[in-house]
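Have a look at the structure below before the remarks.
Quick note: the coordinates plus some simple rules give every number you see, no bench work behind them. The structure displayed is predicted, hence computed values, not measured ones. Every residue, glycine as well, gets a Cβ built from its backbone with ideal geometry; the counts of neighbours run over all protein chains shown.
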Amino acid sequence: MEQYVLSVKVENRSGVLARVVGLFSARGYNIDSLSVSKTEDSEVSVITIVVHGNDRVIEQVKKQLNKLIDVIKVYDHTNIPAAQREIAIVKIQLTPVKRVEVFQIAQTFGAEIIDISQKSLSLQVVGHPTKIENFIDIIRNYGIKELIRSGRVSFARDRA
Amino acid sequence: MKGARQVVESLIKENVEIMFGYPGGVLIPIFHELHDSPINFILTRHEQGAIHAADGYARATGKPGVCIATSGPGATNLITGLANAHMDSIPLVVITGQVSTDMIGNDAFQEADVTGITRPVTKHNYLVQDIHDLARIIKEAFYIATTGRPGPVLIDIPVNISNSDCEYDYDKPVDIRGYKPVYEGHPMQIKKAAQMIKKSKRPVIYSGGGVILGDASKELTEFARKTGIPVTTTLLGLGAFPETDELSLEMLGMHGTYYANHTVNESDLLIAVGARFDDRVTGKISDFIPNAKVIHIDIDPASVSKNVVVDIPIVGDCKHILQELINIVEKPDIAPWIQEVKQMKATHPLYYDTESKKLKPQYVVERIYEITKGDAVITTEVGQNQMWAAQFYKFSKPRTFISSGGLGTMGFGLPAAIGAQLGVPDKRVINIAGDGSIQMNIQELIVAVQHRLPIVIAILNNGFLGMVRQWQQLFYDKRYSQTCIKCAPDFVKLAEAYGALGIRVDKKDDVDEAIEKALSITDRPVIIDFTVEKEENVYPFVPSGKTVKETILRELA
């Protein structure tokens, strides 16, 4: 199954998210990632949905999304130039001895240290989902105590 | 103006003449206002009856059906009716009461998350959270229910909203940025369709419920006559094209005619109008129309290429698009094809054993058709009764066949007949029922008695849940698990207990007299309990997931 990225512009009202995700759950699809937030217009939100599926089903879901009264517009970011970003925050068990090593890795990924104690270190990394995966893979060697990731946001780039 | 008053005022402004429903605690403020309103309120005996009646009213009249039910159980009793209307695209505005906004989410008495429960079975729904939104929401609800692809819209109104006050303004026009239905078909697509039609050698029109909803029967008929292309309709499309016309192939699908299914299967061009390629129509989808191109006219873009890949989609209102097509289309050269189709019609007509001395259900339907001269409004329940009604009553006018198509809701026919009879008081309304289905909403009989509605309920009583029994007979070694209704009420006495007339018919010879007697009654409903052949089956039968080549035409010896 392929991965699809949909960016859905909706009315910023209660119940709208439930309508949107209901179209996926009703078809037995698990949403891989989801983010919702206001836009430049406080009455409009953008919902970014990452989901696995096939062309036929996603095409149908897009049409059904368009049918929802509270959906203003559906954009498919799957195959267009778009900046896709996620945030991950990871806490690792770390004695001061190994800190320098980790600092170097953090620097390579542009990760930010957001908490530090005698026994642990917490890092925040922002970027394309692939970069985040790579970062997590490397940092895993130090023993991850806690990991949280945001939903993805996707921003269509202007054509040159 | 008080919220409750605003609700009633708005309904009046929307020209609501009749509404159906059932009161309850949180609705008292609204019922207080309804008490002396000009709206004819029909108190049903169950909320499911109310919503099916509103649905039947909408199907018979073309106007939106309106019903109201209280919070909690009142609202949950509407769910089947909402799903039913949603599947068949019937315009309904449904109002439910809700507990006070400060109680929502606290498991208050008779509380249910109604907008949550009804989300997948409504076209749209609203929870009114601010009195200032109330008038706008009601206006939007009517607009959304009746435009584009129609459907049910629910408004959940908390009791404190009904009791609060604000200035009332119903004149502001509706403007919903996420909802702009398309009506005009794309001219290029229409032109391409006309060219494809002209070039076709074996075309067929497949017309659905959308033609009736879109009031496009006249255009469909003109289009068929101008091009000389034969027409088959879906169950919900019955009546859009006169079945007495020589171009009519009648109904297609699982229990469609042999000639409808074979014409479609052997076509080189399928012109789908307001139809959605339901599995009961297509059978095994991979083998459906192996050689045909497809033109699909539909108001709902989501219907296009959903089940079947379409060559020329035309999204818009079918009345509009058919008129545009009529203007430019040329008659294709299809004389040999028409000859072939006529041959199929002649060699494989709908069949049942007309010679039998026994009382056959098909015979009852045929006699109802003959005696009413095809002029009645027929409602059905779901199952064998529905299929025999569809097959053996010849429909010639739109909005004369009222049946639960997509959802297949047993218990729909009687309340729908009540709604239809109230909507078209000058017509005779006949509910063709089974002895199983009729018991699912029999409580509504008293509503017909109360309002002196002369509905005829023709029960094709075979002592079985016949359609499931038929499947068990053919595919499950005749193990009639729970399909034999071993204990049934005496429907004649039941009619009498309700104040209706009851007639029992056991013999073929008594059928006409009973139907004529029933039709002579004009001030109350009549139940005719036809004791029909117990194990009669519906044929032709394309078994689920099979192709037309595997059609079972009649009883295997």
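For the reader, a short list of remarks on this structure follows.
- Within chain B, longest stretch clear of exposed chymotrypsin sites (Phe, Trp or Tyr not before Pro) (DSSP loop, no more than 16 other Cβ within 10 Å): B:184-350
- The range B:361-538, relative contact order in percent, only Cα pairs under 8 angstrom and at least six apart counted: 24 percent
- Separation between Cα centres of the range B:1-35 and the range A:14-82, rounded to whole Å: 36 Å
- As a length-normalised measure over Cα pairs under 8 Å and 6 or more apart, the relative contact order of chain A settles at 28 percent.
- Shape category assigned to the range B:3-163 from the gyration tensor of Cα positions, a/c cut at 1.5: rounded
- Distant alpha-carbon pairs in the range B:201-289 (separation over 21 angstrom), percent: 18 percent
- A Stokes-Einstein calculation at 10 °C with viscosity 1.306 mPa s, built on the Kirkwood radius of the protein assembly as shown over Cα pairs, returns a diffusion coefficient of 56 µm²/s.
- Gyration tensor (alpha-carbon) shape descriptor, the range B:187-347, a/c threshold 1.5: rounded
- With R₀ set to 25 Å, the beta-carbon distance separating A:ALA26 from B:GLN110 gives a calculated FRET efficiency near 0.35.
- Residue order, fewest to most beta carbons within 10 Å, for B:CYS166, B:CYS67, B:CYS484: B:CYS484, B:CYS166, B:CYS67
- Loop trypsin sites (Lys or Arg not before Pro), the range B:413-503, which have at most 12 other Cβ atoms in a 10 Å radius of their Cβ (DSSP): B:ARG452, B:LYS478, B:ARG479, B:LYS486
- Distance between the range B:49-107 and the range B:489-534 - C-alpha centres, whole angstrom: 32 Å
- The alpha-carbon atoms of the range B:266-369 define a convex hull whose volume equals 173 cubic angstrom per residue.
- Mean Cα-pair separation over length for chain B, i.e. relative contact order, pairs under 8 Å, 6 or more apart, %: 14 percent
- Cα-only Debye scattering, chain B: base-10 log of I(q)/I(0) at q = 0.05, 0.06, 0.11 Å⁻¹: -0.21, -0.30, -1.00
- Eigen-decomposition of the gyration tensor built on the alpha-carbon atoms of the range A:83-156 gives equivalent ellipsoid semi-axes of 23, 11, 10 angstrom, largest listed first.
- Its residue count N fixes a reference of 2.2 N^0.38 Å for the range A:2-80, and the Cα radius of gyration divided by that reference is 1.01.
- Largest first, the extents of the alpha carbon coordinates of the range B:108-207 on the three principal axes equal 65, 32, 18 Å.
- In whole percents, the pair-distance distribution calculated for the range B:437-557 from its alpha-carbon pairs, binned every 5 Å from zero, is 2, 10, 17, 18, 15, 13, 11, 8, 5, 1, 0.
- Taking every alpha-carbon pair in the range B:1-66 and binning the separations at 10 Å intervals from zero gives 21, 53, 25, 1 percent.
- Under the shape rule built on the C-alpha gyration tensor, where the axes satisfy a ≥ b ≥ c, chain A is prolate, since a/c reaches at least 1.5 and a/b is greater than b/c.
- C-alpha center-to-center spacing [the range A:90-152, the range B:286-328] in angstrom: 55 Å
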